[in-house]
1. Dipole magnitude of the chain about its Cα centre, charges +1 at Lys/Arg Cβ and -1 at Asp/Glu Cβ only, in debye to the nearest 20?
2. Of the residues Asp42, Asp144, Asp50, which exhibits the maximal mean-square fluctuation in a Gaussian network model of the chain defined by a 10 Å Cα contact cut-off?
3. Using a Förster distance of 25 Å, how high is the FRET efficiency between Leu154 and Ala83, based on the Cβ-Cβ distance and rounded to 0.05?
4. Could you identify which residue out of Ser85, Ser74, Ser167 has the top mean-square fluctuation in a GNM of the chain using Cα springs shorter than 10 Å?
5. Work out the count of Lys pairs in the range 2-203 where the Cα-Cα distance is under 18 Å, with the pair 8 or more places apart or on different chains.
6. HN-Hα J couplings of the range 177-191 from phi, Karplus 6.51/-1.76/1.60, θ = phi - 60°, integer Hz, Gly and Pro as x?
7. Give a quick list of GluC sites (Glu not before Pro) in the range 108-146 that DSSP marks as loop, anything other than H, G, I, E or B, with at most 15 other Cβ atoms within 10 Å.
8. For the chain, what is one quarter of the convex hull surface built on the Cα atoms, given in nm²?
Amino acid sequence: MSKYLLLLSALVLAVPSYAEFTTNMGAATKYMFRGVKQSDADITINAGADYVGPYGFYAGAWAYTGSIEDFDTSEANAYGGFAYSLGNMALGLGIIGYERGGDKLDNTEYNVNLAWNAYRLSAYQDEDETYVYKELAANYDIWDEAGIALKAGLLTPEESRELWDYSISVVMAMPSNVDFEVQLTNQQQKGYSLVFGLSQQFDW
């Protein structure tokens with residue numbers, strides 16, 4: 001995790017006056033990744049930082065832990081890329097590095113994203129080309145302080161059958177940049193999961 005902390009430190013020092021820098025922290029009853037529960041802990045704690053610079057450049061890091069006493073249950077991610085907007089459409093290219101405890105999994109993904117208004121289509125490819133993950137997502141406003149997010153994902157491993165996952169989330173904005181989220185997910189092999197979470201964003 002230390003290399004991601006170094007990345008965050010470098011971002012803080014490099015932020016120019018015209019850039020946007022935010023941090024976030026939160027807690028959830030589970031940490032789900034593409035429909036699969038990643039931690040056996042009853043409560044997970046997470047934190048992250050995001051930098052948006054000129055010319056569509058962005059970078060950030062995010063981490064969670066399922067146990068303060070045992071960081072083998074943790075994960076840290078660093079990411080970066082470029083996003084170009086033209087009217088209601090946007091095209092993005094990015095890279096994500098994952099470092100997980102426990103099984104000591106290190107992995108890097110490359111992604112391409114196409115967005116139009118409330119809709120987004122994304123494709124992810126790992127560096128060893130052992131799988132491809134495709135994702136279709138949509139976000140809608142329910143009323144002024146709440147929104148709904150829908151997602152369908154398809155994992156295509158190199159040597160096994162395809163796996164679908166789905167999720168629906170309702171997010172309500174609260175005072176002080178706090179969001180409350182309820183998410184229902186389903187994955188073909190793992191079944192359904194219900195997750196409750198709170199997160200807060202800090203603008204700098």
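The numbers here are math on the coordinates, done by the rules we state, and not lab data. Computed from a predicted model, the values in this text were never measured in an experiment. Glycine gets a Cβ as well: all are built from the backbone with ideal geometry, and neighbour counts include every protein chain shown.
1. I would put it at about 320 debye.
2. Asp144
3. Details: r = 23 Å, r/R0 = 0.92.
Once rounded, the FRET efficiency stands at 0.65.
4. Ser85
5. For the range 2-203, the number of qualifying lysine pairs is 8.
6. These are the phi-based 3J(HN,Hα) values: 6, 9, 10, 10, 10, 10, 10, 10, 10, 9, 10, 3, 8, 9, x Hz.
7. Glu127, Glu129, Glu145
8. With every direction weighted equally, the projected area is 12.2 nm².
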